[in-house]
Amino acid sequence: MLTLPLTDLPADFRARALHWAAGFPHCAYFEPNDLLYPGGPFRRLLGVATQTGTAPATLPELRSWLASVPGSAPRCGFITYDVKNEIEALHSNNPYGLAWPNLHFFTPEVWLQWQEATLEIHAPNPGVVLQHILAKPLLPPVLAPTPTLRPRMPRAEYLTAVRAVQNDILDGEVYELNLCQEFYAENVQLSPVEVFLQLQQASPTPFAGFYRHHDHYLLCASPERFLRRQGDTLLSQPIKGTIRRGATPVADQEQRLALLHDEKERAENLMIVDLVRNDLARVARTGSVQVPELFGLYPFRHVWQMISTVQAQVRPEVDLVDVLRATFPMGSMTGAPKIRAMELIEHYEHSRRGLYSGSIGYVLPSGDLDFNVVIRSLQYRQDTGYLSFQVGSAITYDSVPEREYEECLLKAQALLEVLGQSQGVAE
């Protein structure tokens with residue numbers, strides 16, 4: 001291991017390191033953007049591997065793999081939304097242009113870990129790694145024009161689906177349902193690292209990440225934590241409630257207060273908090289589930305978000321797979337009750353979610369872990385040129401369909417900006 005003061009590194013070191021790392025077929029980068037967040041953001045961590053051997057592809061394999069992998073390296077991985085089919089009697093049959101594996105983890109052969117004042121390079125020859133990173137040329141980004149992204153679900157069909165969901169709510173099928181839609185383009189030539197770096201400038205978030213799995217890329221600007229474990233404490237922080245930032249300090253404060261007192265948004269948030277409490281209770285010590293913060297309001301570049309924090313003390317015998325079986329997918333991306341919501345999601349949505357509303361994260365040798373919710377993200381297949389993002393909103397009986405559609409586009413604003421499509425998407 002080589003430890004370096006951060007003050008000895010050039011200002012563009014992280015960009016050079018990511019360009020270097022993206023040359024490996026397996027690359028995971030977790031970026032907190034130096035933001036304050038209740039419970040803390042991601043650790044800044046970058047790991048790469050040329051091969052992953054017998055990497056886990058199912059939850060039972062993940063349990064065996066985590067128990068058998070020795071060493072001091074973190075384990076990096078992703079879990080797609082479709083792992084729900086392992087946990088419950090569900091299926092995913094909608095069109096899918098991305099084809100990620102359902103889940104995949106790897107142990108980095110080389111990893112960089114940023115501490116408060118130092119950088120650690122863990123490698124057989126860390127000095128050589130440092131030389132390769134510093135020698136990586138940074139050329140001015142040249143972004144090819146991106147074709148206008150098209151909707152899998154045109155606006156009129158989305159509005160019809162919202163009204164149908166409201167009828168389901170009236171019939172007692174669900175209380176709330178997170179309805180998502182995909183926008184996509186084909187035959188796109190993209191520089192994943194450059195677009196990711198631009199996305200971080202446009203929308204810095206505490207749970208951002210860049211992930212490469214062969215020809216698959218995730219460029220993530222997520223504000224949401226799915227699950228953190230520190231010792232025997234589990235922490236989940238669902239987001240429900242969104243409003244646009246104001247153009248002036250006075251207008252911004254008015255928007256914040258409008259979100260705080262919006263009964264619909266508070267009801268959405270509370271329903272998901274109750275769902276998360278029940279999920280965590282399945283693996284928690286009796287009586288340990290708590291809600292340290294309800295309806296917290298946090299500003300991001302384009303939006304205010306309503307975020308609640310739920311925590312619990314986990315039972316001693318519980319491992320990561322037990323926790324996933326109890327809590328995945330995250331309730332903020334399904335609705336309540338969860339199983340019926342996921343059945344209706346499959347019915348109403350026009351594409352598989354894949355890694356969207358799944359999770360990326362890391363497991364440390366101590367057993368501590370941190371995973372985000374994959375939202376506000378671009379997904380790209382370099383071999384086919386398929387580019388996609390998905391956005392959604394929580395539908396309740398009080399929803400106004402047109403406002404829900406507008407909320408989807410608001411959440412996509414930073415993604416559209418970095419793609420040069422700030423005027424919007426095809427409807």
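Can you pull a Stokes-Einstein diffusion coefficient for the chain at 4 °C (1.567 mPa s), Rh from Kirkwood over Cα pairs, as a whole number of µm²/s? If you can, show how the numbers build up before the last one.
Details: Rh = 21.9 Å.
Translational diffusion coefficient: 59 µm²/s.
In sequence order, what are the phi-derived ³J(HN,Hα) couplings for the stretch 359-364 according to the Karplus relation 6.51 cos²θ - 1.76 cosθ + 1.60 with θ = phi - 60°, rounded to whole Hz, with x for glycine and proline?
7, 10, x, 9, 10, 8
Within 10 Å, count the other beta carbons around each residue, average over each peptide in 284-292, 371-379, 270-278, and list them highest first. Mind dumping the intermediate values first?
Values: 284-292: 14.3, 371-379: 26.4, 270-278: 21.0.
Packing order, densest peptide first, comes out as 371-379, 270-278, 284-292.
Once every DSSP H run of n ≥ 4 in the chain is given -39500 (n - 2.57) and the sum is divided by its residues, what mean residue ellipticity at 222 nm do you get, rounded to the nearest 500 deg cm²/dmol?
Values: 12 runs with 126 residues, N = 427.
The helix-only estimate for the chain comes to -9000 deg cm²/dmol at 222 nm.
When Rg is the radius of gyration of the Cα atoms in the stretch 190-309 and Rh is its Kirkwood radius, what does Rg/Rh come to? Provide the component values of the computation, followed by the final result.
On the way: Rg = 17.0 Å, Rh = 16.3 Å.
Rg divided by Rh gives 1.04.
Starting from the Cα of Ala67, step 7 Å along the direction of its Cβ; do the same at Glu116; then give the gap between the two resulting points in nm.
3.8
Using amide H atoms built in the peptide plane, which far-off residues or other-chain residues are under 5 Å from Val283 H to H?
none
Quick check on the exposure proxy: order Tyr211, Tyr96, Tyr362, Tyr386 from fewest to most C-beta atoms within 10 angstrom. Provide the component values of the computation, followed by the final result.
On the way: Tyr211 26, Tyr96 16, Tyr362 23, Tyr386 20.
Listing Tyr211, Tyr96, Tyr362, Tyr386 from fewest to most nearby Cβ atoms yields Tyr96, Tyr386, Tyr362, Tyr211.
For a quick check: with amide H placed at 1.01 Å from N, whose amide H comes under 5 Å from Thr118's, ignoring anything fewer than 5 positions away on the same chain?
Leu6
Quick check on packing: order 182-195, 62-75 by the mean number of other C-beta atoms within 10 Å, highest mean leading.
In decreasing order of mean packing, 182-195, 62-75 become 182-195, 62-75.
Pairs of Cα atoms under 8 Å, at least six residues apart: use those to get the relative contact order of the stretch 367-412, whole percent.
30
Would you pull out the residues with amide H under 5 Å of Phe226's amide H, same chain only if 5 or more places away, H placed 1.01 Å from N?
Residues meeting the amide H criterion: Phe371, Asn372, Val373.
Just subtract the alpha-carbon distance of Asp383 and Glu88 from 0.36 nm times their residue separation and send over the number in nm, one decimal. Spell out each step's value before the answer.
Details: separation 295, 0.36 × 295 = 106.20 nm, distance 3.23 nm.
Extending this stretch completely gives an extra 103.0 nm.
Arrange the peptides 220-226, 162-168, 39-45 so that the one whose residues have, on average, the most other Cβ atoms within 10 Å appears first. Spell out each step's value before the answer.
Working: 220-226: 26.4, 162-168: 17.1, 39-45: 19.4.
Per-residue Cβ counts within 10 Å, averaged per peptide and sorted highest first, yield 220-226, 39-45, 162-168.
Only Cα pairs under 8 Å and at least 6 apart count here; give the relative contact order of the chain as a rounded whole percent. Kindly include the intermediate steps, with their values, before the conclusion.
Details: 905 pairs, mean separation 103.8, N = 427.
Reported relative contact order: 24 percent.
Can you give the relative contact order of the stretch 7-61 as a percent, counting alpha carbon pairs under 8 Å and 6+ residues apart?
Values: 43 pairs, mean separation 18.1, N = 55.
About 33 percent, as a whole number.
Which number gives the lysine pairs in the chain that have C-alpha atoms under 24 Å apart and are eight or more places apart or on different chains? Don't skip to the end; give the middle numbers.
Working: Lys84/Lys240; Lys84/Lys338; Lys240/Lys264; Lys240/Lys338; Lys240/Lys411; Lys264/Lys338; Lys264/Lys411; Lys338/Lys411.
Eligible lysine pairs with Cα atoms under 24 Å apart amount to 8.
Loop-only GluC sites (Glu not before Pro) in the stretch 302-361, please: DSSP not H, G, I, E or B, and at most 10 other Cβ atoms within 10 Å.
Details: sites: Glu317, Glu343, Glu346, Glu349; in loops: Glu317, Glu349.
Filter output for the stretch 302-361: Glu317.
No lab work stands behind these numbers, since they all come straight from the coordinates. These numbers come from a predicted model, not from an experiment. Note that each Cβ is placed from the backbone with ideal geometry, even for glycine, and that neighbours are counted across all protein chains shown.
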